[in-house]
Every structure is written in structure tokens, then in C-alpha cells.
Amino acid sequence: MNILGIGSALPEQTVTNHQLEAFLDTSDEWIKSRTGIAQRRVMKESELTSLALSAAQKALRDAGLKGADLDMILVATTMGDYVFPSLSCLIQEGLGATCPAMDLHAACAGFIYALETADSFIKAGKAKHILVVGAEAITRLANWEDRATCVLFGDGAGAVVAGPGEGLKALRLTARTDRNALYMLAEPGNNPFTGKPEEAPEGVKMQGQDVFRFAVTQSIEDLGWVADQVGVAVQEMDWVLLHQANRRILDAVRLRLKLDPKKVPGNIHRTGNTSAASIPLLLDELYRAGLLEPGQLIAMSAFGAGLVSGACVLKWGKEPPEELTAAEDLFSPPVNIMPEV
Ligand code: ACO
């Protein structure tokens with residue numbers, strides 16, 4: 001599988017930590033020092049479809065393809081604007097495509113899970129061009145009265161067009177169920193026969209230290225596994241793109257693997273944690289800034305609720321775009337290191 005085109009989109013609305021101080025018992029200093037986040041993008045109600053469509057259109061344009069050229073649309077998302085139709089069907093309509101379309105839910109690792117699915121369809125000869133989107137509106141799911149979780153998240157969408165080729169060198173997926181570490185209960189319906197739920201839904205619930213421990217150890221293990229498959233040490237990769245979950249997690253992985261900070265870019269300070277959108281968003285920012293060159297090896301690692309994880313190594317095959325955008329601050333300073341937990 002090769003990446004033929006890439007694009008991304010962020011909501012216009014920026015919400016700073018100072019805006020959160022107005023209604024939450026928190027501070028800019030607390031959030032920045034523990035998560036690296038200074039601001040996040042927050043969509044307007046029902047804006048996810050147009051964000052995902054915009055990312056998809058940019059990826060198609062970049063690939064020189066049209067909606068009609070697609071053989072499949074895969075969208076990694078926790079929940080679109082509708083429970084159904086799927087977000088992928090709404091994107092299909094917007095692109096004027098006629099191919100099969102489905103959503104895939106693997107939380108923050110969803111984009112890597114979707115890449116593996118696309119690669120399998122392409123290798124099997126069942127599809128030539130697959131649109132793979134990571135799109136999330138996690139701020140809609142968050143509990144904005146819970147300062148421990150709502151400060152972490154942001155919304156966004158990233159998309160790639162995958163096609164035949166030898167660019168995907170290795171990929172690993174894992175799942176090890178631990179409901180309590182990170183979960184969100186579905187809203188109960190009004191079915192009079194089901195009885196009352198044992199636990200009332202309260203948005204995203206997280207044991208932060210358990211998630212930290214899982215994310216750091218799993219990411220290091222996954223990156224080592226995919227690097228071994230390729231026969232190139234993680235430290236020798238040109239880029240290591242980590243799911244932008246929390247700057248502390250990124251720094252812990254970077255330090256424990258002794259990675260060159262210049263190879264581990266980050267945008268979490270500007271975007272917050274955008275779940276399945278975070279890896280394609282970051283990849284697109286690097287590409288648009290002209291930092292990706294053909295032949296470079298890019299390792300990617302994502303982890304999230306489930307608990308699930310995914311990592312891969314991609315040999316980049318595209319020339320930089322003709323029109324470059326300014327390299328927005330992609331290497332924010334590290335935050336306080338999380339004590340061993
Ligand atoms: N502002 C001010 N105080 C806060 C805030 C906040 N936003 N959030 C929590 N606190 C308080 C708590 O109430 C607690 O106060 P108390 O001691 O009076 O009870 C204190 O800070 C410490 O709370 P902890 O939850 O123990 O905070 P911790 O030091 O563990 O930091 C954090 C929380 C930053 C989330 C940390 O656990 C962490 O980095 N975890 C990694 C998990 C993560 O970032 N997940 C991202 C999303 S999931 C994913 O994408 C995989």
C-alpha cells in the first residue's frame with residue numbers, strides 16, 4: 001500500500017485554557033504543565049461531517065483523483081454526527097462516490113486499524129483506491145464538568161488516499177480489554193422494558209495513571225516490533241509520529257527510546273487530543289510544510305480506549321507539495337516529566 005494523497009481539516013473555533021478557567025476549577029499552568037496543551041479546536045454542533053469531507057476532498061485533490069475513482073471509504077471515528085447513516089456514507093455522498101463505505105471504531109488507534117483494513121483489501125485485489133479518514137468530535141462526548149478529562153480533547157479530521165504499492169513496510173495491531181482505564185457508557189434509550197442502567201453515563205471516564213502506563217509501555221513495545229520487522233532501529237527512523245494524547249506520554253516514549261527530539265514532532269499544544277484524527281493530522285502538517293521526502297521511513301504509533309494500539313512503518317513515496325504552508329510550530333517544548341507510575 002502507498003499513500004497517494006493526504007489532507008486534513010480543523011474546526012475554526014479555538015478554545016484556550018484561559019477560556020476553560022472561566023467555568024472549571026483549573027488553570028492554564030496546570031493544563032500546560034501536565035499535558036502540553038495550550039488550546040484545542042472545538043467544532044460547532046454537527047460540523048464533523050463537513051470537516052471530514054473537507055479533509056477527504058483535500059486528500060483526493062492531492063492524489064489527483066475524484067470521488068468516482070474510489071473503491072472504498074473507511075472512516076475511523078468514535079461517533080459521527082449521526083449514529084446512522086455512518087460518517088463514511090455522508091462523505092461518500094459529499095464526494096459523489098459510489099463505492100462501499102463503512103465506519104470503523106478503534107478509538108485513538110482507529111486510523112492505524114483502518115490503514116491495515118485498507119492494505120488488506122488492496123493486497124487482496126478487491127480495491128485499488130481507498131479513502132481512509134480519521135475524524136473525531138470527542139469534545140461533544142466529553143463531560144465539560146469533569147476537569148480531569150475535558151481539558152484533554154479537541155476535534156479534527158485527517159484523510160489519506162491509499163493505493164497499491166510497497167510503502168507500508170510493517171504494521172501491528174493489539175487489543176487488551178480494560179474497561180475501567182478509559183470508558184464512556186452509551187446513553188440509555190427510553191425502552192420501558194430494559195430497566196434502569198446500573199451506572200449513569202457521565203461522559204468520558206479515565207484512570208489517567210493507568211492510561212499513561214499502558215500508553216508508554218505499549219507504544220514502546222509496538223514501535224520495537226514494527227522496527228524489527230523492517231530491520232531498522234526505531235532511533236534510525238526519519239520520523240516517529242506518536243498519537244497526540246498527552247505531551248507527557250510523548251516525552252516519556254521519546255526519552256525511554258532515546259529518540260532525537262527533532263524526529264518526534266507534535267501539535268498537541270495547538271490541537272489537543274483528537275483521537276483517531278491525530279496521526280493523519282500530524283502527518284499532513286509535516287507533508288504540507290515540505291518536511292516529508294520520498295524514501296523517508298515514518299514510524300507511527302497510536303493507543304487508546306479498549307485498550308487498543310496500532311503501530312506501523314511507512315516508506316514515504318510522495319514529493320513535497322508545490323505550495324508549501326509555513327511549518328507551524330511542530331516541536332513544542334517538553335512539559336514536566338510524569339513521575340514513574
Ligand atoms: N485542573 C486542575 N486540577 C486538576 C485537573 C485540572 N484540569 N485535573 C485533575 N486535577 C486535580 C485532581 O482533581 C487531583 O486533585 P486532588 O489531588 O485534590 O484530588 C490532582 O489534580 C491530581 O489528579 P490526578 O488525576 O492524579 O492527576 P495526574 O497527576 O495523574 O494527571 C493526567 C492527570 C494529566 C491526565 C495524567 O494522569 C496523565 O498524563 N495521564 C495520561 C492519560 C492521558 O493523557 N490520556 C489522554 C486521553 S486517552 C488517550 O488518548 C489514549
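At-a-glance table
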read-out	value
Using a Förster distance of 22 Å, the FRET efficiency for Ala175-Arg256 (Cβ separation, nearest 0.05)	0.45
For the chain, the spread of Cα positions along each principal axis, largest first, Å	51, 49, 36
Amide H within-cut-off set for Leu104, under 5 Å, with H built and near neighbours excluded	Val75, Ala76, Thr77
Gap separating the Cα centres of region 148-197 and region 248-281, nearest whole Å	19
Three-way shape label, region 169-315, alpha-carbon gyration tensor, a/c 1.5	prolate
Under-5 Å amide H pairs with Ala137, H placed in peptide plane, nonlocal only	Thr78, Met79
Accessible surface of region 2-166 [probe 1.4 Å, protein heavy atoms]: carbon and sulfur percent	52
Reduced Cα scattering model of region 114-199, Debye log10 I(q)/I(0), q = 0.13, 0.16, 0.22 Å⁻¹	-0.74, -0.92, -1.10
Nonlocal amide H pairs with Leu307, under 5 Å, H built at 1.01 Å	Arg176, Thr177, Asp178
Evaluated at q = 0.14, 0.16, 0.28, 0.29 Å⁻¹: base-10 log I(q)/I(0), Debye formula over Cα of region 10-56	-0.44, -0.54, -0.94, -0.98
Accessible surface, per residue, of the chain when the full set of protein chains is kept, probe 1.4 Å, Å²	44
Region 269-322: C-alpha gyration tensor shape, a/c 1.5 cut-off, then a/b vs b/c	oblate
Equivalent ellipsoid dimensions for region 41-115 as semi-axes, Å, which come from the Cα gyration tensor, largest first	19, 14, 13
Net charge dipole size for the chain [Lys, Arg +1 and Asp, Glu -1 on Cβ; Debye, nearest 20]	520
Sum of -39500 (n - 2.57) over DSSP H runs of 4+, divided by residues of the chain (222 nm, nearest 500)	-9000 deg cm²/dmol
Largest to smallest accessible area among Phe23, Phe111 [probe 1.4 Å]	Phe23, Phe111
The chain, relative contact order in percent, only Cα pairs under 8 angstrom and at least six apart counted	24
Relative frequency of Cα-Cα separations exceeding 20 Å in region 2-166, percent	51
Relative contact order (%) - criterion: Cα under 8 Å, at least six apart; region: region 2-166	33
List Phe214, Phe84, ordered by accessible area with a 1.4 Å probe, largest first	Phe84, Phe214
Extension gain, Ala22 back to Arg61 (0.36 nm per residue minus Cα-Cα distance, nm)	9.9 nm
Only Lys, Arg (+1) and Asp, Glu (-1) charged, at Cβ; region 163-223 dipole about Cα centre in debye	100
Estimated vicinal HN-Hα couplings, Hz - region 273-278 in sequence order (Karplus 6.51, -1.76, 1.60; Gly, Pro = x)	8, 9, 6, 5, 7, 5
Karplus-derived HN-Hα couplings along region 303-314 (A = 6.51, B = -1.76, C = 1.60, θ = phi - 60°), whole Hz, x at Gly and Pro	7, x, 3, x, 8, 10, 8, x, 9, 7, 10, 10
Region 203-267, dipole about Cα centre (Lys/Arg Cβ +1, Asp/Glu Cβ -1), debye to the nearest 20	360
Listed residues Leu48, Val132, Thr16: farthest to the positive end of the dipole of region 1-153 (Cβ charges)	Val132
In order through region 133-138: 3J(HN,Hα) via Karplus (6.51 cos²θ - 1.76 cosθ + 1.60), integer Hz, x for Gly, Pro	10, x, 9, 9, 10, 5
Region 274-301 residues near the modelled Ala327 label - backbone nitrogen below 11 Å, point 7 Å along Cα→Cβ	286-287, 289-292
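The values are calculated or read from the model by the stated rules, or taken from the named source; none is laboratory data. None of these values were measured; they are calculated from a predicted model. All Cβ positions, even for glycine, are placed from backbone atoms using ideal geometry, and neighbour counts span all protein chains on display. For the accessible areas, the whole protein counts, side chains as well, though only heavy atoms, and no ligand, DNA or RNA atoms are used. Shrake-Rupley method; radii C 1.70, N 1.55, O 1.52, S 1.80 Å.
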